[in-house]
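Take a look at the structure below.
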Amino acid sequence: MEREREHTTMPTYIVLFKKTEEGRKITAEDARQRRAKGIEINEEYGTEIRGLYYGLGEYEMVAIVDAPDSETVAKVQLAYEREGLARTEAFEVFEPDEWDAILEDAL
């Protein structure tokens with residue numbers, strides 16, 4: 001099913017970030033450099049970061065990312081982990097109109 005979006009033609013993913021043991025020891029400047037490296041990795045793989053949010057709790061950061069496909073998201077996740085930037089979890093999400101179309105097709 002081809003999905004149409006107002007903002008992009010790429011699927012949207014939520015990416016959850018947990019600090020690595022190395023990440024727990026960083027300074028504020030290190031954090032800025034790690035964020036810049038993460039943005040660079042996304043650019044290299046052709047993904048678009050729609051939002052970055054920091055929080056308290058189980059996850060240090062949440063990103064909303066548009067990516068061509070799940071394979072690209074996996075490559076970005078592996079690149080983050082290879083760089084020691086974070087442990088990540090990602091999943092595709094749908095806007096309400098997209099979800100309604102999926103339900104109509106499936107039910």
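Throughout, read-outs are computed from the coordinates displayed, never taken from laboratory work. As the structure is a computational prediction, the values presented were derived from the model and not from experiment. Virtual Cβ from ideal backbone geometry, glycine too; neighbours counted across all protein chains shown.
List of remarks:
- As for the stretch 60-76, it holds no residue that is touching a helix residue (DSSP H, G or I) at 6+ places or on another chain (Cβ under 6 Å), among the charged types (D, E, K, R) and closer than 22 Å to residue 101 by Cβ.
- A search for C-beta distances below 7 Å between a residue of the stretch 47-68 that is more than 18 Å from residue 19 (Cα to Cα) and free of Cβ contacts under 8 Å to residues at least 40 places away in the same chain and any residue that is of a type outside the set (Asp, Glu) and surrounded by fewer than 17 Cβ atoms within 10 Å (Cβ to Cβ), counting only pairs 6+ apart in sequence or on different chains, returns 49/39; 51/64.
- If you go through the stretch 6-46 and pick out every residue that is acidic (Asp, Glu) and in contact (Cβ under 8 Å) with a residue 40 or more places away in the chain, you end up with 1.
- Residues that are hydrophobic (A, V, I, L, M, F, W, C) and surrounded by 14 or more Cβ atoms within 10 Å (Cβ to Cβ) within the stretch 75-107 comprise 76, 79, 85, 86, 90, 94, 101, listed in sequence order.
- Residues that are surrounded by 11 or more Cβ atoms within 10 Å (Cβ to Cβ) and in a loop (DSSP other than H, G, I, E, B), drawn from the stretch 18-68: 19, 20, 26, 45, 46, 47, 55, 59, 60, 67, 68
- Only residues that are assigned to a helix (DSSP H, G or I), out of contact with any Phe, Trp or Tyr (no Cβ under 7 Å at 6 or more places or on another chain) and among the basic types (Lys, Arg) were counted across the stretch 69-100, and they come to 1.
- Annotation: residue 102 fulfils all but one of (1) under 17 Å from residue 11 (Cα atoms); (2) hydrophobic (A, V, I, L, M, F, W, C); (3) in contact with an Asp or Glu (Cβ under 9 Å, 6 or more places away or on another chain); the unmet one is (3).
- Tally, over the stretch 65-94, of residues that are within 16 Å of residue 46 (Cβ to Cβ) and of a type in the set (Val, Ile, Thr): 4
- Qualifying residue in the stretch 18-40 (condition: among the polar types (S, T, N, Q) and touching a Phe, Trp or Tyr at 6+ places or on another chain (Cβ under 9 Å)): no
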